[in-house]
Amino acid sequence: MFGLKASVGRLLSPSDDQENAAPAAVMSYRTWENYFASNPSIVGTTLTFDGNAFTVIGIAPPDFFGDRLTDTPADFWLPLATEPLVETGIAVLKEPEMHWLYVMGRLKPGVSPAQVEAKATLELQQWLSSPEGVKTVGENDRSKIAKQKTYMMPAAGGVNSFESEATPLLRQLPDWCC
C-alpha cells in the first residue's frame, strides 16, 4: 500500500496476516542499524516477543517510520493477526466494541478525495446508527451521529506533514467520538 521495498528480505504480505500463519516481523531500519549493526543475516532469524517466536522476514527502508505520529518510530511491524500473541490482557482484535485502528489507503486513478470522504462519511454514519455502532455512542450523543464526518488528507509527505495537517482537525472532534 505504501509502495515500499524492503532494504533486506521482504515486507509483510496478506499471507502473513492469517490466523494460522507463522508469526512474522519486519524490523525498522533504525533498529537494524542500532542493535544489529546492519547485519543482513538477521533476516530469517527468530526473535521472541512476549514469549512468542517471530521470524524476521525483512528490514524496512531507512526513510519509513510507519503511520505513528511520534519521534520514536516502531522497532518492528507485525501482522494484525498476531495481536493476540503480543497483547497482554484482552486482545482487542476480536473485540467489536474496541476502535483502535486508523485507515490509510491509496486513491484509485480518477477517484477524488472528496468522493472517498463522502462515501466513508456515509458508511461511518450508517455504522454508528446500526445496532453494533449504537453500543459505542452514548445515549446523549446519538443525535450528533449525522454530524460525524471523515476527512481525507494527503500522506505523501510522510508523518510530519500528516501530523501538521491532522492536528487542527483532531482538535475539532467532539470528546465522545474518540
Inset, instruction - Amide H neighbours of S7 under 5 Å, at least 5 residues apart or on other chains, H built in the peptide plane: list them. - result: I59, A60
Legend entry - Estimated inter-spin distance, R106 and T121, nm [label 7 Å along Cα→Cβ]: 2.7
Inset, instruction - Hey, could you grab the Kirkwood Rh for segment 8-92? Inverse mean 1/r over distinct alpha carbon pairs, Å, one decimal. - result: 13.4
Legend entry - Under the Karplus curve 6.51 cos²θ - 1.76 cosθ + 1.60, θ = phi - 60°, whole-Hz ³J(HN,Hα) for segment 117-127, x wherever Gly or Pro sits: 4, 5, 5, 5, 4, 4, 5, 4, 4, 5, 5
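Read the figures in this text as sums done on the coordinates, not as results from a lab. On a predicted model such as this, the values are computed, not experimentally measured, just so you know. Heads up, the Cβs are rebuilt from the backbone with ideal geometry, glycines too, and the neighbour counts pull from every protein chain shown.
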